[in-house]
Amino acid sequence: FQNRFYKGEFGKQSAAWIKDTWTNLVKSRSDATVEYFQHPSWDQPSIILTIKGKSPEIIILGGHQDSINGPMGSKARAPGADDNASGISTVTEVIRVLTDSSYAPEKTLKFMAYAGEEVGLLG
């Protein structure tokens, strides 16, 4: 993606890519769901993957999905491999390993890809 700006088309496209990737990783699990969290003030949704545990306690692992490069916003070149595609790739790998091992968590696990972090921790 040219960038993953939270108010731009690439931000929405990259969020869809994450959601599709995570959904594909957990497609064989009946205890897992992947959903968008829509924000009222911008188009890029956050993504939440939940693996239901045996207890009501929740553990959250997340990273931000948006990127930014100066004042040009949605027109800037900011693929963000180091900020924060590295965090999202790590979260994605944890999801893959847990799913491949058929891990059944005691506590509910929530994996999140936050939108709007670069502009003030919004998502």
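Every number in this text was worked out from the coordinates using simple rules, so none of it is lab data. On a predicted model such as this, the values are computed, not experimentally measured, just so you know. Quick reminder, even Gly has a Cβ in these numbers, built from the backbone with ideal geometry, and neighbours come from all protein chains shown.
Numbers at a glance
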quantity: Hydrodynamic radius by Kirkwood, which averages 1/r over all alpha carbon pairs of segment 1-60, in angstrom; calculated: 12.7 Å
quantity: Segment D100-F37, extension gain: residue separation times 0.36 nm, minus the distance between their alpha carbons; calculated: 20.1 nm
quantity: Label-point separation, S86 to K52 (7 Å along Cα→Cβ), nm; calculated: 3.7 nm
quantity: Segment K107-I60, extension gain: residue separation times 0.36 nm, minus the distance between their alpha carbons; calculated: 15.9 nm
quantity: Residue pairs, from the table K12/K54; K7/K27; K7/K107, whose Cα atoms sit over 31 Å apart; calculated: K12/K54; K7/K107
